[in-house]
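Worksheet: one structure, shown below.
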Amino acid sequence: MSLIKVLKSTSILSADFKHFFSGAVVIENERIIEVVAGKLPAKYQQAETQIIDFGDKTIVPGFIESHAHLFLSALVYAKKIFLVSGHSEKECAADLARQVQQAKTKLPGGWIVGKGWYLPQWTPRKLPTRDSLDQVFPDQPVVVIADDLHTLWLSSAALKKLLPTADPQRYQQDVHLDENERPDGVVGEQTAMGFLHTIFNYPVEQKAALFLPYLQRLASYGLTTICDLALLPAIIPQGMDDQIYPAVYQRLAKKAQLPVRVNLYPYFGRQLSELKAMKQKYATEQIHIAGGKLFFDGVTSSYTAWMKANYEHKAIRGAPNIDPKVMRSLIFKAQQNQIPLRIHTIGDQAIHQAILDFQAAIAQCGPLKTGHHCLEHLETIDPSDIPLMKENDLTASIQPSHPLLDYQTVAQYIGQRAEQMWPFATFYQQQIPVAFGTDSPVVTDIRPMQNIYFAMTRQTLAGDPAGGWHPQEKLDLFQALQGQTLNAAKACSQEEQIGSLQAGKQADICILNADLAKLSVSELKDVSVLATIAAGKTTYQRPATIDVN
């Protein structure tokens, strides 16, 4: 027997993302059957209808995380990875030592893993070495992940354990050497990912136990859908480990413990037959192999983002981390097989080349019949390339918190080009869908309402810099809400099913604890969630609030 549930409020986000209205959202089973503006029709005022009145609390579509790395995020949440801070190599090593001393649990094999060093915030900006870790951890294997997730800093004991597992073809490219041609303690890119695989090679049931509390946390933030994107893959005997684990989600779903729908983007460099088999094996109402992930370049802070012109005071402009001819062939393969791609592109040359390749692939193979390709991050896009994104139906997948990580230092890397970085408002003006994510755990524990605040202010939670960083690129409230809902649904190619409150769509709904229209921008970051509903089922409810079950 179906149950009709009516959620009333004087503040509901309209499907056109231009205003809030007073009315109701009517749910039957897992779908929205009607969105009512004004007075509730008599047909819904029956004894068998459950009516829940939230007063002036705002009702919005379920929030969507369009870009995250769930395994590492879950490890951080479970405190299997320590979050370190400091403005120098010595400070970060000392902070890790303090946390380890206070910790009650340790990883198998005596591993100590931290995350959080970030070279642009260090004085001096000099890569760390194994020596500083050896001073505080003389005999223990220690690995500290850089905030950009592309680089590891290791102790001598860790190097001794891990270097024999390194892929010889990547060794020279990824392993930093000292003046004596010995590994100095810094390892990057795919070799780094291989080392993380060795440390965290857990069975499915152990991964599921890690994922569950973190996914429940995300549901408490109002998230109903997540996109879990591959990291650079580790080459292993079984093929590759890109930290995409559909079997883990499947295990949780079979136990009715999966509180969100999941869109997975495995590394697209694998065999097409493998990707298709994975899609067929794991496809459910909640789990989708939604496309593929690729990496065209690195990051600005390590001079590995591929730029059109040299970095400031450097005779280098970065380089692609995949041969451009290979990238072009992969884009054509995806287009021929109607597979949406998500491509990491940070440097303006990487962005430019990816757009040209999509343009050529679309011209030869035709557009995607369903779904959308996304460019991820888009930090240093050349303004002349923005119209090309619109012409080729490319979605801008961005992270509103990221400009606040680098705003004080980016000009030192790319000079005046920094003034054109992260052009949120320009994307909207050019009618390019802007989808919000966090890139967790690059940043950790960022709630969707904080993302909305970052996009509207271009300021940190503390309100820096005054007036916002390049304030002409701020978004308004409705644009920011769209980035966290409907546009994020486009990023995962599901805008026909989720992302807005409309009849026929999945009943993915978030009820907030305030009337957003009555709040100042600075108050938005503190808004919390009363309840989260995914496919008509309550996945989170704040204790001592109106019962939505």
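The values are calculated or read from the model by the stated rules, or taken from the named source; none is laboratory data. Since the structure is predicted, the reported quantities are computational estimates derived from the model, not experimental observations. Here the Cβ positions follow ideal geometry from the backbone for every residue, glycine too, while neighbour counts run over all protein chains shown. Heavy atoms of the whole protein, side chains included, go into the accessibility calculation; ligands, DNA and RNA do not. Shrake-Rupley method; radii C 1.70, N 1.55, O 1.52, S 1.80 Å.
Tabulated values for the structure
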| quantity | calculated |
| --- | --- |
| Probe 1.4 Å, protein heavy atoms only - accessible area per residue of region 198-286 in square angstrom | 42 |
| Kirkwood-Stokes translational diffusion coefficient of region 309-453, alpha-carbon pairs, 20 °C, 1.002 mPa s, µm²/s | 133 |
| Extent along principal axes [Cα atoms of region 284-339; Å; largest to smallest] | 51, 26, 13 |
| Pairwise label distance in nanometres, Lys314 with Gln216, each label 7 Å out on the Cα-Cβ vector | 4.4 |
| Value of relative contact order over the chain, rounded to a whole percent, pairs C-alpha under 8 Å and six or more apart | 18 |
| Burial ranking of peptide ranges 77-86, 413-422, 277-286 (average Cβ count within 10 Å, highest at the top) | 413-422, 77-86, 277-286 |
| Packing-based ranking, highest mean first, of 397-403, 511-517 given that Cβ atoms within 10 Å are counted | 397-403, 511-517 |
| Cα-based radius of gyration of the chain once divided by 2.2 N^0.38 Å, which approximates compact folds | 0.97 |
| Size of region 1-157 as Cα extents on the principal axes (Å, biggest first) | 74, 35, 23 |
| Region 1-157 - percent of accessible surface contributed by carbon and sulfur, probe 1.4 Å | 51 |
| Partner aspartates and glutamates for Lys255 [C-alpha distance under 14 Å; skip if fewer than 8 residues away on the same chain] | Glu205 |
| Cα-based reach from Lys43 at 14 Å (exclusive), listing aspartates and glutamates while leaving out same-chain residues under 8 positions away | Glu28, Glu34 |
| Residues in region 485-508 reached by a label modelled at Ile33 [backbone nitrogen below 16 Å; 7 Å Cα→Cβ] | 502-508 |
| Rg to Rh, two decimals, where region 401-549 supplies the alpha carbon set and Rh follows Kirkwood | 1.00 |
| Alpha-carbon centroid distance for the pair region 12-35 / region 131-200, whole angstrom | 51 |
| Share, in percent, of DSSP beta bridges within the chain that are antiparallel, nearest 5 | 45 |
| Accessible-area composition of region 403-494, carbon plus sulfur, in percent [1.4 Å probe] | 46 |
| Table column - 3J(HN,Hα) (Hz), region 341-346, Karplus curve with 6.51, -1.76, 1.60, x for Gly and Pro | 10, 10, 10, 5, 9, 10 |
| Cut-off under 5 Å, modelled amide H: who pairs with Ile236 long-range | Asp241 |
| Ordering of 8-16, 337-345, 35-43, 160-168 by burial proxy (mean other Cβ atoms within 10 Å per residue, highest first) | 337-345, 8-16, 160-168, 35-43 |
| Computed FRET value (nearest 0.05) for Lys126 with Leu40, which takes r as the C-beta separation and R₀ as 60 Å | 0.40 |
| Shape call, region 102-224: gyration tensor on alpha carbons, a/c limit 1.5 | prolate |
| Helical contribution to [θ] at 222 nm, DSSP H n ≥ 4, -39,500 (n - 2.57), averaged over the chain, rounded to 500 | -9000 deg cm²/dmol |
| Ala256 versus Lys106: modelled label distance in nm, points set 7 Å from Cα along the beta carbon direction | 4.2 |
| Bins of 5 Å from zero: percent of alpha-carbon pairs in region 1-69 | 4, 16, 26, 23, 15, 9, 5, 2, 1, 0 |
| Region 111-231, relative contact order [Cα under 8 Å, separation at least 6], % | 21 |
| Lysine pairs meeting the criterion (Cα under 27 Å, 8 or more apart or interchain), as found in region 58-181 | 29 |
| Ratio of the Cα radius of gyration of region 369-441 to 2.2 N^0.38 Å, where N counts its residues | 1.13 |
| Whole-number percent relative contact order across region 1-114, with pairs defined as alpha carbons under 8 Å at least 6 apart | 22 |
| Accessible solvent surface per residue of region 99-168, calculated while the other protein chains remain in place, 1.4 angstrom probe, Å² | 48 |
| Rounded, prolate or oblate (a/c below 1.5 giving rounded, otherwise prolate when a/b exceeds b/c) for region 233-389 by Cα gyration tensor | prolate |
| Helix axis angle, 89-102 relative to the chain longest principal axis, alpha carbon, degrees | 60 |
| Hull volume in cubic angstrom per residue (convex hull over the Cα atoms of region 202-314) | 152 |
| Amide proton proximity set for Ile289, modelled H, under 5 Å, gap of 5+ | Leu264 |
| Of Lys207/Lys369; Lys333/Lys474; Lys5/Lys276; Lys276/Lys537, those spanning more than 32 Å from alpha-carbon to alpha-carbon | Lys207/Lys369; Lys333/Lys474; Lys5/Lys276 |
| Farthest toward positive dipole pole in the chain [+1 Lys/Arg, -1 Asp/Glu at C-beta], among His470, Val260, Ala97 | Val260 |
